[in-house]
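Have a look at the structure below before the remarks.
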Amino acid sequence: MNFKDKVVLITGAGSGIGRKTAIMFAERGAKVAVNDISEDRGKETVKIIKDQGGEAIFILGDVSSPKDAERIIKEVVNAFGKIDILVNNAGIVVYGKVEDTSEEDFDKTMLVNVKGPFFLSKYAVMEM
């Protein structure tokens with residue numbers, strides 16, 4: 001599939017599935033906005049894309065923060081003029097038994113895995 005002239009924002013793109021997804025979109029012609037909470041890992045993904053001839057930017061931010069989510073969206077639109085595809089990939093896993101899971105761990109998981117995609121989707125739609 002060809003994604004020429006498409007702009008893709010991928011959260012959690014500093015490693016794993018997010019990084020592979022970012023590279024795949026870039027290989028197919030998309031302009032890629034890489035988001036991660038790790039500046040080093042996010043910039044490494046951008047370097048990989050650029051070294052392969054793709055176009056990418058890095059945006060540092062925590063998807064669980066409504067202010068960061070709104071800023072991330074605005075930075076993508078400022079850089080590329082639009083967002084065509086949003087990949088809400090960022091997520092966390094707290095390993096262990098449910099009876100050993102703290103309320104803090106549960107709340108953080110819900111913030112990143114549930115509210116983060118909500119915030120980003122909300123602000124992306126508002127920019128359309």
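Please treat every number below as a calculation from the coordinates, not as lab data. If you're wondering where the values come from, they're calculated on a predicted model, not measured in any experiment. Positions of Cβ are generated from backbone atoms using ideal geometry, with glycine treated the same way; all protein chains shown enter the neighbour counts.
Annotation: of all residues in region 9-19 being in a loop (DSSP other than H, G, I, E, B) and free of Cβ contacts under 8 Å to residues at least 60 places away in the same chain, the one that is surrounded by the most Cβ atoms within 10 Å (Cβ to Cβ) is 14. Among helices (runs of 4 or more DSSP H) entirely within region 20-128, having at least 2 residues that are of a type in the set (Val, Ile, Thr) and without any contact (Cβ under 8 Å) to a residue 60 or more places away in the chain singles out 39-51. Does residue 95 satisfy the condition of being in contact with a helix residue (DSSP H, G or I) (Cβ under 6 Å, 6 or more places away or on another chain) and more than 15 Å from residue 12 (Cα to Cα)? No; evaluated as a whole, the condition is false for this residue. So if I check each of 125, 98, 87, 112, which one is farther than 23 Å from residue 24 by Cα and within 12 Å of the chain's Cα centre (by Cα)? Step by step, each of 125, 98, 87, 112 is checked, and only 112 is farther than 23 Å from residue 24 by Cα and within 12 Å of the chain's Cα centre (by Cα).
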